Structure formats: C-alpha cells, structure tokens
Amino acid sequence: MTWIDAVIQGILLGGLYALFACGLSLMFGVMRIINLAHGDLALLATFMVLVISQHLGLSPFAALVIVLPGAAVVGYALQYAMFNPSLRGGELSPLLATFGLSVVIGNMLLEVFSPDTHSLSAGALTTASWHITSQISISALSAVIFGAAVLVLGGLQLLLSYTQLGRAMRATADDARTAELVGINAKRVYAIATAIALATAALAGTFFGMRSSFDPTLGPSQLIFAFEAVVIGGLGSLWGTLVGGILLGVAQTVGAQAFGAEWAIVSGNVLFLLVLAFRSQGIFAAREAHQ
Amino acid sequence: MSLLEVRDLEVRHGLLQAVRGVSFALEEGDTLALVGANGAGKSTLLRAIAGGHRPSRGQIVFGDRDIIRLPAYKRVALGMGLVPEGRHLFPSLTVEENLVVAERPGYWTLDGVLEAFPMLAPRRKSRAAVLSGGERQATAIGRALMTNPRLLLLDEVSLGLAPVAVEDLYRSLRTVIERGATVLLVEQDLGRAMALCQRVACMLEGRLVLEGHSGELTREQVTEAYFGLRRAGIEVGSREGSQ
Amino acid sequence: MSVQRWTRVSLLFSGATAGIVVILALVPFWFGPNTTEKLTELFVLIILAAMWNALAGYAGLVSIGQQAFIGIGAYAVIVFTDHGINGYVAVVLAALFSGLISLPISLLVFRLRGGQFAIGTWVVAEIFRLLVTNDQSIGGGTGRSLDALNIYAPADRQAYTYWVALALMTALMLASFVLLRSRLGGALQAIRDDERAAESVGVPVARAKRIVFLLAAVGCGAAGAITMANTLTVTPDSIFGIQWTAYMIFMVLLGGLGTFEGPVLGALVLFGVQQEFQGSGSWYLVGLGAVAIAVTLVFPRGLWGALVDRFNIRLMPVGHTLRTLVSRRSES
C-alpha cells in the first residue's frame, strides 16, 4: 500500500515538475534557447508572491493576480533587452548570458532574503485531503497543483495547435528568417513565448512554495528537475513533458520509499541518465516523428 | 506614380558586390521578368527588395515610402509578398497552416488559393516536409498570395522541378496574373519568362543591362545581354537562350 | 602572402614565459606561506580558466558541470590517501582519475547538444555531489579534512603544495598549448566554424571533442586536488558548487573566449577581484554574473580580444596570422 501511495504522490509531484518544464520547453522549442535562469526566475516569482502576500495580507493565490502578469512583462522585456541581442552572438551567447542571469538572480535573492527557509501558506488547501484508504491519501493542494499543470499544458498545446499566434510560433521555430518574409515579427513572437514561459514558471514557483519550504539557493535544482522532465519526455512535445515530469516524480518518490529520503533526487537523476543512455530522443519523440 | 521604384541600389555579400547600381520602376499591374545567368544578382536584388538583405546604398520606394530601413515583416504589411528561392516552407506545419499563418485580409483567402492551385486541395492536411517539389512551390506561392500583396516577388519558380509540375505552376500563375497582380519574376527559363510577363529585364554581373517589352525584344537580343556577348565583342550564333 | 605562427613577439614571449616559470619556482624561498597559499589559489584559477576555454572556446562545449571533476579530484585525494598513498602522489593520481571518470561520462553527455549538453553536465555534477553527500565513509554532507599532509611541517607543506600546483599548471598549459597547435587544433577550429561541414569532410568531430573533454577533466581534477591540498578541508556543497562554473565563465569571457592568453588575463582579474571583494558575500557573485552578461552582449571578444584588435599582438602562437593580406590588397 505504501508503494501505491508513493506512486500516487510521485504522479502528483510530477505535475509540478511538468509545470516547471513547459516554459523551458517552449523557449527551447521556439528559439533554441536553453534558459539557464529558468529556475531562478521561478524562484524570484515565489519570493515576489511571498513579499506581496505578507505586505498586503493577501493569500498567495491572490498575489498571483499581480505576479503572473508581472512575470510575463519581465519575460517580454528580458527577451528584448537580453535574449534577442544574445541570439545574434551565436550559439554560446544565450547560454552564457542566461547563466550570468541565473548567478545574478540567485545571489541577489540570497542577499535580500538571507539563506533562511520560507514558506507560502495555501490556507485551507494545505491541510485538506482525501483519504482513499487508511494509508493512501491525496492532499487537496497536490491535486490542485496537478490539475493546474494539466490545464496549463493542455492550454499551451491548444494555443500552439489552433491559434494564429501558435502557428506563428511554430513557423518561427521552423525558420525565423522566412517567417519574417511572410509578415511575422519574429522578435515579438520570441518575446511572447518568453512572456508565457516566465508566467508558467512563476505559477510553478508559487505552487512549489506552497508545497514545501524554500530558500534562495533552490533555483538551480528546479531548473534541473524541469530539464530532466523535458529530456525524459522527449523534446518538442508538451504531453511528453507531462509524462516526463510524472516519471521523474514517481522515480523520486519510489526511490525515497525504497532507499530512504536522501536518495529521492538521485533516483530521479538515475532515471534521467538511463533515458539518456538508452533512449536519448526521449520517451515520446518517436511518436512525434511519425505525425 | 509607380508602385515600386528602385534607385541606384547596391547590395554586398561581404566583399562581393552582388548588385551594382540597379534602377527600375514597376507600375501597378506590371509584370516584369528578371532574367540573367547564375550569379548575375537577380535573387539578391529580389531579396533586398523584400527585406532579406540590407543594401549598402540606394533607395527602394514602395507606394509612397522609402522602405529601405523597414524590416521584412513590415514590408509584408505594406503589401510585399516574396516567394523565396528554394521555397522555404515551414516543414512542421501542414499545407493549410503554411497558408493560414501568412493570412492577411484581402482578395486571396484559403479557398481562393486552393482553387487557383488545385493540386494543393488534397494535400491540405499534409505536413510540408512530405510534399513533392511542385506541391512545395505551389504552397510557397499560395503562402505569398495569402498576404494579399500589392506586389508579388517570385524567385526561381521552376528551379529543380519536373517539366509537368512547371507546366501546372505556370498555368496557375497565369490565372493569378489575370486577376490583376503586379509581378516581379526571377526566372532562368527565358521562354517561359517572356511568355508570362509583359516586360523583360536582364541582369549581368550585378547590373541591369537590358530592359524592354517582351513582344518588342527578340530572343537574340535577350540572349546576348544574358551572356554579355555583345560587350565582349563576340558574334552570337544560333545558340539556345535558356541555360 | 604567407601564413605565420611564430611572430617575433610570440617568440620573445614564449621565452619570457619559461623565465617566469623559473622565477615562480623560486618564490617559496623568498616569501612566506601566505604568499604561496594565495599564488596556489591563482594557479588553480588559471588552470580552470584554461580548461574551460579549451572546452567552450575551442571545442564549442559549454559545460556548466566541470565542478563534477573538481569535486572528484578533491575527494579522490582523500580516498587515495586513506589507502596509504602519499598525499602529493595522490594529488597527481586524482587528476588522472578524474580524467578516467570523464570517459564514461562523455558517452552520456555527448548525446546532448548545445544548451542541453550544458545542463546535462550540470546534472552529472549534481549526481556526484549527492553521491558524496550520501556516503558517510568520506564524511557525508559535513565533508572531510585531509590528514595525510600533516606529516610535513606546515611551512614545508605549503611550499610543496605550491610547487606541485606550479608543476601541474605548467604541464596542463603546455598540454593544451600542444593540443591546440596539433592537427586536432585545426580540427577544432573547423568544428567551431561549421560542425556539420567539418564532419562531412572527414574531421573526426566526436574524437576531437572527447579529447578536449578528457583534458579538461584532468585539468579540473588537478584544480580540485590542488585546492584540497591547499585548504586541507572540503565539503561536497562547496567543492561541487556551481560557483566554480561562474568563476570559469567570468574569467574566460572577460579575458577573451577562444584565445590562449585571454583566460590567463581573466584569471588574474578574478584573483584581484577576489582579494578585494570576497568578504562582501553574495554581492560579489552578483557582480561577476552581471559582468559576464555585459561582456557576452556588448563585448564578446573580451579584454584580450580588444587588445589584439587594437595592437595586433599575439603572445602565444596558437592561431595563424595571415601576413600582409590587408596591406597588399590595394596592390593586387
């Protein structure tokens, strides 16, 4: 029974990882940038939610009304100020620039908020849960996070498949120069993609802060989980990312159940390496190629 | 007033000067074929007009504005539609998506394009990556038409295609022109170019060396200009004009 | 027009470099342990900068996980000395061991390209950090201290560590110099210009990259092992920390990516900055990150690149100089 519980908790945790991952995946898909500051930007949003909810006495959910559009605006501006210029400098530049950004944000958070741990209260959701059997229970917060992740990923998939903006994003991803020649403003498409990516990262960061305590040093590990989810699921498929996140979450919770809590993250990493070694295109890539 | 006026345009590729002081004008409804040997600078000129290359000197006036500083996507909004050499479709998009992604309000709609290029109708839901050469070219032309351009720029339409496919495409192009399009066409096939367009211009080594009405120029005149024979002082024999 | 490698300046400078090494070797006779300890830190930075530059600047491999090899080098010293090996022999063995470990790792991470490769190497470094943290026999999360070097008197020990560091730095710089001047260097240049084209004309892309990755692993292992001998204590969080990568990127970018001399210059700058600002905590890292961003965006050739542009000097003959191409163009 405890094993089933571990799998269920892993699936729910995986939703959060997929939510972290979809922004990373979107930016990589549209402009081939791996944003190494993704985790730190998510954590920055978590701290913004913390500050706003503390100072205005709002619930973290209410603070999201301010922080999500804020993150989108920051993403849009970052694209024009930093990522677009770095794209001109060849393949290395975006990596180096985003790594620099990660160092800057992580250490600024450390200076401003000290290495102490903080947490966000999700109110009644934190304690509510459904008891399925005596040993298996699902917390309301985990379920809400998982549901939100599925909604966001599904929404993104719909956006990409059926809207003019989505078509423009895919066209720009295929060939940015030609996209410009048929009337698409590629830089603006990039900026919108980054705005969406940062909004989803902010949402993920906030949920993360509600689930567990956090401190300013955790940005890189969120980036790594997100990246592992993307690679496990296979690049370029949002549903693959969801499955990748879930597999990563399950590997962590089951690994913790089997070997002890300190082996949770290692178990996830090992799954990542196994996928890399035996199926480096990811679990879902083959299906994509046939479409 | 002319729809397009190019004045003293120069374009460089690094040290190479691909276009040297080219000037010409196009009126609304004109169809001009730009011919010339490989490397004469035709495609570069076309891309410079569309915004794919930045000229080092000169003016490009479209409608009533100098568009030389405008990025390509803004030129599309003003009514410039380029069918690039090598088609450059978006491979992961379907035919229909390739067309719709470029859509701007006007005469041409998805249905209109599919009617003008009947070969595309059965392939609407296919990804561009799996199309034949002729279908790709048709999609590329259709995509440019979907922007409802005032000026359609066509680069090497028949290059690398089977003769049957070229025949189909030119039939479709003729219907497009009959509906009143202004066209600037780059083509290596002299015969087709002169048959489709009212006017012909010939480029040699980056310069415009001959311009006139298709009906008034003889094939020999164009051939001479094409190879630069008259200037080199060589008599032209009864050689075929197209490559 | 002729292709030149050795300019008069670079000949002079190569001689001067040999002289500098000799002078550096004499430092412990003139100065105390404080100076040699600091200079050992500088040597570590120079090694790291040169290795990361070989990776990113020559092989196009942006690794943000070299701390894996720094940590492996440091912990290997502990494991080897626990088995009775002399401390300084262990330092050299640790560097080689780190290179050995890099081979299976390269099989995995070389399946990833560009940005994915970058983050993949980071995952590998994290895995090693967690493995070490979970292993109580080498101190777990609280780390360990190195006792094997206590057989030497403190002043002697500092001098020996200094000499080992100087020797390793010189050997590694020489190795990368020779490597970049060999056929492999030409292959790497081709890869950097256009990887696919290079592959299609028979440049052994994968092998060239793997050799550089191996060299960088040995170098970073050496840096970790020297740091271990210099500081005598280690914790997994610091030795496997991402700040090492931040240092490397800062030094190489500021100095000049893909130049041989630039990273050394970058290491000197970082060393100076560290002496001045290390006490100011995280703000100092914020500054390093900000400078890295700024250099990437507006100054991509770095300090050395700017100097070369301005004065057309080249101290180390790694590249090729096309003589008189510019000056004779008007005549042709």
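The values are calculated or read from the model by the stated rules, or taken from the named source; none is laboratory data. Please read these numbers as outputs of a predicted model, since none were measured by experiment. Ideal geometry is used to build each Cβ from the backbone, glycine not excepted, and the neighbour counts take in all protein chains shown.
The rows are residues; the columns are (1) under 18 Å from C:L130 (Cα atoms); (2) crowded, with 20+ Cβ neighbours inside 10 Å.
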site	(1), (2)
A:A229	no, yes
A:G233	no, yes
A:I246	no, yes
A:Q257	yes, no
A:W263	yes, no
A:G268	yes, yes
Inset, instruction - Run down A:T217, A:T200, A:T172 and say which single residue is among the polar types (S, T, N, Q) and either within 14 Å of chain B (Cβ to nearest Cβ) or not in a helix (DSSP H, G or I) (or both). - result: A:T172
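Working only within the stretch C:297-309, note down all residues that are within 14 Å of chain A (Cβ to nearest Cβ) and either in a helix (DSSP H, G or I) or in contact (Cβ under 8 Å) with a residue 60 or more places away in the chain (or both).
Residues satisfying the conditions are C:L297, C:V298, C:G302, C:G305.
Taking the stated definitions as given, is A:G70 assigned to a helix (DSSP H, G or I) and either at pLDDT below 90 or of a type outside the set (D, E) (or both)?
yes
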Legend entry - Members of the stretch C:253-296 that are within 14 Å of chain A (Cβ to nearest Cβ), surrounded by 21 or more Cβ atoms within 10 Å (Cβ to Cβ) and not in a helix (DSSP H, G or I): C:G256, C:L257, C:G258
Inset, instruction - Using the structure shown, decide if C:I64 is more than 24 Å from C:R157 (Cβ to Cβ) and β-branched (V, I, T). - result: yes
Inset, instruction - Could you please give the count of residues in the stretch C:297-318 that are buried (at least 17 other Cβ atoms within 10 Å of the Cβ) and at pLDDT below 85? - result: 13
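Is it fair to say A:T126 is at pLDDT below 90, of a type outside the set (A, V, I, L, M, F, W, C) and under 22 Å from the mean Cα position of the chain (by Cα)?
yes
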Inset, instruction - Would you confirm whether any residue within the stretch B:7-25 is without any contact (Cβ under 8 Å) to a residue 60 or more places away in the chain and buried (at least 18 other Cβ atoms within 10 Å of the Cβ)? - result: yes
Inset, instruction - Could you please give the count of residues in the stretch C:136-170 that are of a type in the set (S, T, N, Q) and either buried (at least 19 other Cβ atoms within 10 Å of the Cβ) or farther than 18 Å from C:V234 by Cβ (or both)? - result: 3
Inset, instruction - Kindly indicate the residue of the stretch A:105-156 that is of a type in the set (V, I, T) and not in a helix (DSSP H, G or I) and also surrounded by the fewest Cβ atoms within 10 Å (Cβ to Cβ) among those meeting that condition. - result: A:T133
Legend entry - Within the stretch A:74-104, tally of residues that are assigned to a helix (DSSP H, G or I) and either at the interface with chain C (Cβ under 8 Å from one of its Cβ atoms) or of a type in the set (G, A, S) (or both): 18
Legend entry - Meets criteria (free of Cβ contacts under 8 Å to residues at least 40 places away in the same chain, within 10 Å of chain C (Cβ to nearest Cβ) and not basic (K, R)) for A:F259: yes
Legend entry - Checklist (1) in contact with a helix residue (DSSP H, G or I) (Cβ under 9 Å, 6 or more places away or on another chain); (2) within 14 Å of chain A (Cβ to nearest Cβ); (3) farther than 24 Å from B:V35 by Cβ applied to B:N148, failing item: (1)
Inset, instruction - Answer yes or no: is there a residue in the stretch B:52-74 that is under 18 Å from B:G206 (Cα atoms), surrounded by 18 or more Cβ atoms within 10 Å (Cβ to Cβ) and modelled with pLDDT under 90. - result: yes
Inset, instruction - Mind checking which helices (runs of 4 or more DSSP H) fall wholly inside the stretch C:64-151 and carry at least 3 residues that are away from chain A (no Cβ under 14 Å)? - result: C:67-82, C:87-109
Legend entry - Hits in the stretch A:175-188 (condition: in a helix (DSSP H, G or I) and either surrounded by fewer than 23 Cβ atoms within 10 Å (Cβ to Cβ) or at the interface with another protein chain (Cβ under 7 Å from one of its Cβ atoms) (or both)): A:A176, A:R177, A:T178, A:E180, A:L181, A:K187, A:R188
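What do you reckon, is A:T206 more than 11 Å from chain C (Cβ to nearest Cβ), under 13 Å from the mean Cα position of the chain (by Cα) and of a type in the set (V, I, T)? Spell out how you get there, then give the answer.
Working: more than 11 Å from chain C (Cβ to nearest Cβ): yes; under 13 Å from the mean Cα position of the chain (by Cα): yes; of a type in the set (V, I, T): yes.
For A:T206, the condition - more than 11 Å from chain C (Cβ to nearest Cβ), under 13 Å from the mean Cα position of the chain (by Cα) and of a type in the set (V, I, T) - is met.
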